[in-house]
Amino acid sequence: MRAGGDLFGGLAQPTVLIGPNRLFGSSSSKTPKPTLNDAIQSTESRIDTIEVKIRKLDAELIRYKDSMKKLKEGPGKAAMQQRAMRVLKQKKLYESQLSQLQQQTFNMEQAIMTTENLRNTMATVDAMKQANKEMSKQYSKIDIDKIESISYDMEDLIEQANEVQESLGRSYGVPDQIDEDELQAELEALGDDLGELENPDTNDGIPSYLKESDTTHLPDLPGTELNKPEEPIKATVKAT
């Protein structure tokens, strides 16, 4: 028979652990580490406990003080004073611990605030990087030369449209230069004619250029003497 490892063909076999963890198959997951918030809650709980103890010591000191006021100088008062001194020292110790715990809480809260600020800063930086990539991607699709060419084309089209409008709005048969005095005189004359038309009582509603001249002195037409009555003729003969 071979000794030692020769029983397994000369191969060294691994040592088998028989510890309690191996026997019961403990979970491989590790206990989560405490966070700053957990530490703050634990510290605040200790602060509350110490504050309760300090209030109790304050009440005890008040009782000692009232008792010493009633006692006369002597061994009894001196012994009570010694107990009061011990209580006061204990209170000072608790107050020192309270101050340290409060400072620790403040430091941890400040660390949390700093961490949150850093997270917000990193989120802002990531957002800016993403926006920069998106802007670069969009601008890569833009051709400045094409944009300028389009702008020039639009400007030419607008000028052509203005020329068309000016051509359509051009006046025909109207002289370029018109005498303002002649226009004023014509306007005044036109006003007089309109006034005559609007006043039929005085002008009979007939313009001056349409009025007939006085016909009372017009000569008689030939042959009209035969149609006249005889009495006026006789009167004319007698008068001669």
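Observations on the model:
- For region 134-149, filtered to residues that are among the hydrophobic types (A, V, I, L, M, F, W, C) and in a helix (DSSP H, G or I), the residue that is surrounded by the fewest Cβ atoms within 10 Å (Cβ to Cβ) is Ile144.
Here's the yes/no breakdown for (1) more than 30 Å from Ala39 (Cβ to Cβ); (2) at pLDDT 90 or above; (3) loosely packed, with under 10 Cβ neighbours inside 10 Å; (4) touching an Asp or Glu at 6+ places or on another chain (Cβ under 7 Å):
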| residue | (1), (2), (3), (4) |
| --- | --- |
| Ser99 | no, yes, no, no |
| Gln103 | no, yes, no, no |
| Phe106 | no, yes, no, no |
| Ala111 | no, yes, no, no |
| Asn117 | no, yes, no, no |
| Asn132 | yes, yes, no, no |
| Leu157 | yes, yes, no, no |
| Leu168 | yes, no, yes, no |
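- Residues located in region 86-126, provided they are free of Cβ contacts under 8 Å to residues at least 12 places away in the same chain and under 21 Å from Ile62 (Cα atoms): Arg86, Lys89, Lys92, Leu93, Ser96
- Test: residue in region 86-94 that is assigned to a helix (DSSP H, G or I) and farther than 30 Å from Ile40 by Cα: yes
- Take the conditions (1) among the β-branched types (Val, Ile, Thr); (2) within 60 Å of the chain's Cα centre (by Cα); (3) surrounded by 13 or more Cβ atoms within 10 Å (Cβ to Cβ); Val87 misses just one of them, which is (2).
- Looking at Leu11, Leu61, Leu23, Leu17, just one residue is modelled with pLDDT under 85, in a helix (DSSP H, G or I), farther than 30 Å from Thr115 by Cα and more than 60 Å from the chain's Cα centre (by Cα), and that residue is Leu23.
- Within region 71-80, tally of residues that are in a helix (DSSP H, G or I) and touching a helix residue (DSSP H, G or I) at 6+ places or on another chain (Cβ under 9 Å): 2
The values are calculated or read from the model by the stated rules, or taken from the named source; none is laboratory data. Values in this document were obtained by computation on a predicted structure and should not be read as measured data. For neighbour counting, all protein chains shown are included, and Cβ atoms are generated from backbone atoms with ideal geometry for every residue, glycine included.
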